[in-house]
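Notes follow the structure.
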Amino acid sequence: MPKYITTVVFIILAMPMTSAIAGTKDELAFSGFARVVGGQLSTNEASYANYDNSWSFSEDSLIALQADYAINTQFSISAQGILHSGSDRDSGLDWLYLTYQPSSSWQFNVGRLRIPVLNYSDVIDVGFSYPWVNAPEQVYSRRIFYSGYEGLNVRYQTHLGNVGIGIEGYWGDFDGEVFSGQEAFEVDINDIYGAVFSLNYKGFQFRSSIARISEVVDNSVQIDQLVGGLTSAGFDELASKFRLDDGLSVYVFGAGYISLDWFVNAEAMSVDSDLDVLSGITSYYLTVGRYYNSVLFHATIARSRQDENSIENTIPVGVSPLLDVLSTSVDTINALFPTDDLDSLTLGLRWDYNTHLAFKTEVSFLKGKEGKTSLFYVALENADFDRRASLYQVGVEWVF
Amino acid sequence: MRFLPLFILTLVVSPPKIVHAREGVLVVANLADSSLVLSKSEIRSVFMGGSTKGLSPVEFVPGSYIRKVFNTRVIGLPEARIQSFWAQMRFSGRSSPPVSVDSIDEMLLFLAEHKASVGYLPEGTSLPKGLTVIYESI
């Protein structure tokens with residue numbers, strides 16, 4: 001899909017709507033959200049989710065403003081801009097879309113949107129919408145969920161007896177990164193499509209989702225140089241294994257139960273990659289929560305396991321200086337492959353002070369595997385770090 | 001990890017109930033066809049951003065007692081969770097919460113003035129002509 005959708009939405013925004021559509025009802029509404037989040041990691045040997053051994057309030061704090069303009073009862077235009085304080089995230093216009101809702105069952109959104117792969121992936125910045133300070137890293141840390149796409153989203157919802165049914169499909173251009181924290185493996189994605197199917201029966205909720213990224217474009221200078229070197233030295237087969245030019249699929253299944261007093265919720269995700277260097281990862285979380293009026297206590301276990309993804313180094317050593325350099329490069333890139341095996345237990349508390357303001361605190365006990373990345377960033381001099389740490393976090397969530 | 005047993009105990013102990021068991025709520029609509037009856041699940045859908053059967057929901061503001069009864073009897077969610085849900089819906093472009101009113105008089109006036117609107121009232125409220133009960137909580 002051409003990247004003109006946002007431009008089209010801008011043109012529509014600029015059109016004199018009141019004269020173009022009969023029976024219009026002009027209505028401009030502003031709303032927004034903000035969060036201040038602080039965190040500290042118990043070790044000085046590594047960082048995790050950008051937190052280290054000193055308290056930081058700048059990694060996840062943000063403020064956002066949304067404007068909704070109702071053209072008439074069926075058409076509206078929305079824009080949402082977010083200012084991030086974190087160094088890892090870009091500020092800007094994250095959402096800009098036209099909504100057409102011919103009935104309460106059908107909804108079409110066109111423009112700049114976010115992919116709804118996981119239950120909270122398109123509202124990961126809206127901390128007020130979920131119980132944790134930090135959504136489970138094993139499932140929610142992938143940058144793919146933070147980047148928007150430009151395209152179309154169609155939703156249909158209905159009722160069959162006492163069962164609520166929702167079906168959603170989306171398709172568009174995407175310009176983002178697949179894996180976080182590993183600069184060597186930055187790739188751009190040009191085409192994404194997916195579907196979400198959900199069921200609600202009394203307090204039970206089921207949600208399954210599939211997303212297919214069909215075109216991945218290599219954006220890594222480091223990989224490019226290695227592939228070029230291997231090809232010119234005649235190692236075409238090895239070069240092809242490092243080439244980033246194929247697709248990947250994401251499968252999610254979620255289930256939960258919620259009542260007045262308590263809830264349980266789980267999501268499992270599997271990422272299957274056709275790329276040799278970005279092999280699959282499976283992860284899940286399970287959360288149990290208990291409400292005491294406006295106070296929620298919750299506990300979450302989460303796990304991620306990454307497939308072994310080392311590529312066999314077939315370059316002979318000691319034959320020539322050039323081959324030695326290539327061989328070392330292959331080993332270096334191999335050592336950079338993410339191996340995000342991590343188990344965690346998170347205990348947290350959320351207090352909804354009123355309907356707009358919530359205070360949160362939580363502690364996550366992290367248990368990774370020595371020698372693996374385990375979602376930590378470990379400096380070379382701390383390679384022996386045992387991948388065990390605790391993350392303490394506090395947060396204030398505001399919607400207005 | 002020393003406080004883990006205490007935390008688990010917190011999750012298990014029952015919280016106090018805030019709404020009495022016998023209070024009921026009527027869901028009423030301004031409809032030409034007075035034969036429409038909806039299930040609890042359908043009412044929940046109408047008030048929680050789902051399929052609305054052509055009805056426009058109106059609710060009481062958070063904090064009002066009748067809203068607590070409705071949340072307990074029909075929606076089945078605590079207020080904090082409902083507010084989280086609407087934050088998710090609004091900021092992902094899915095839907096917005098219903099129009100809200102402050103008092104029973106305001107609710108009756110709003111329903112009378114808007115065709116196909118649907119709201120809720122305490123059990124025993126005398127209904128003016130033109131409003132139809134489409135669901136009654138047990």
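Annotations for the structure displayed:
- Positions within region A:108-133 being facing chain B (nearest Cβ under 7 Å) and in a helix (DSSP H, G or I), in sequence order: A:Asp122, A:Val123, A:Phe128, A:Ser129
- Failed item, numbered, when A:His298 is tested on (1) within 14 Å of chain B (Cβ to nearest Cβ); (2) touching a residue at least 24 places away in the same chain (Cβ under 8 Å); (3) loosely packed, with under 14 Cβ neighbours inside 10 Å: (3)
- Among the residues listed as A:Ser76, A:Ser91, A:Ser47, A:Ser56, the single one being buried (at least 18 other Cβ atoms within 10 Å of the Cβ), over 24 Å from A:Ala379 (Cβ atoms) and polar (S, T, N, Q): A:Ser76
- Among the conditions (1) assigned to a loop (DSSP other than H, G, I, E, B); (2) over 28 Å from A:Arg387 (Cα atoms), A:Leu323 misses just one, which is (1).
- Matching entry among A:Ile82, A:Ile71 (being touching a helix residue (DSSP H, G or I) at 6+ places or on another chain (Cβ under 8 Å) and crowded, with 16+ Cβ neighbours inside 10 Å): A:Ile71
- Among the conditions (1) more than 9 Å from every other protein chain (Cβ to nearest Cβ); (2) of a type outside the set (Gly, Ala, Ser); (3) touching a helix residue (DSSP H, G or I) at 6+ places or on another chain (Cβ under 7 Å), A:Glu168 misses just one, which is (3).
- Search result, residues across region A:335-387 that are within 19 Å of A:Ile301 (Cβ to Cβ), touching a residue at least 60 places away in the same chain (Cβ under 8 Å) and in a strand (DSSP E or B): A:Leu342, A:Ser344, A:Thr346, A:Gly348, A:Arg350, A:Lys360, A:Thr361, A:Glu362, A:Ser364, A:Leu366, A:Phe376
- Of all residues in region B:124-138, those that are of a type in the set (Asp, Glu) have Cβ atoms under 9 Å from Cβ atoms of residues that are assigned to a loop (DSSP other than H, G, I, E, B), 6 or more apart or on another chain, in B:Glu136/B:Gly24; B:Glu136/B:Glu123.
- Selection of region A:360-388 for residues being of a type outside the set (D, E, K, R) and under 23 Å from the mean Cα position of the chain (by Cα) yields A:Thr361, A:Val363, A:Ser364, A:Phe365, A:Leu366, A:Gly368, A:Thr373, A:Ser374, A:Leu375, A:Phe376, A:Tyr377, A:Val378.
- Members of region A:72-100 found to be at pLDDT below 95 and closer than 29 Å to B:Ser117 by Cβ, listed by number: A:Asn72, A:Thr73, A:Gln74
- Matching residues, region B:68-82, being within 11 Å of chain A (Cβ to nearest Cβ) and not in a loop (DSSP other than H, G, I, E, B): B:Lys68, B:Asn71, B:Thr72, B:Arg73, B:Ile75, B:Glu79, B:Ala80, B:Arg81, B:Ile82
- Hits in region B:61-78 - residues which are surrounded by 21 or more Cβ atoms within 10 Å (Cβ to Cβ) and within 26 Å of A:Asp125 (Cα to Cα): B:Leu77, B:Pro78
- Tallying residues that are modelled with pLDDT under 90, part of a loop (DSSP other than H, G, I, E, B) and of a type in the set (A, V, I, L, M, F, W, C) within region A:260-299 yields 3.
- Within region B:94-116, the set of residues being of a type in the set (A, V, I, L, M, F, W, C) and within 14 Å of chain A (Cβ to nearest Cβ) comprises B:Val99, B:Ala116.
- The numbered conditions (1) modelled with pLDDT of 90 or more; (2) within 14 Å of chain A (Cβ to nearest Cβ); (3) not in a helix (DSSP H, G or I) are all true for B:Gly119 except (2).
- Selection status of A:Leu357, hydrophobic (A, V, I, L, M, F, W, C) and modelled with pLDDT of 85 or more: yes
- The test for being surrounded by fewer than 21 Cβ atoms within 10 Å (Cβ to Cβ) and over 14 Å from A:Val133 (Cα atoms) holds for A:Thr328.
- Selected residue (only one of B:Phe85, B:Phe91, B:Phe60 is in contact with a helix residue (DSSP H, G or I) (Cβ under 6 Å, 6 or more places away or on another chain), within 8 Å of chain A (Cβ to nearest Cβ) and aromatic (Phe, Trp, Tyr)): B:Phe91
- Filter result (facing another protein chain (nearest Cβ under 7 Å) and not aromatic (Phe, Trp, Tyr)) within region A:91-106: A:Thr99, A:Ser104, A:Ser105
The values are calculated or read from the model by the stated rules, or taken from the named source; none is laboratory data. Worth saying up front: this structure is predicted, and the values here are computed from it rather than measured. We place every Cβ from the backbone using ideal geometry, glycine too, and count neighbours over all the protein chains shown.
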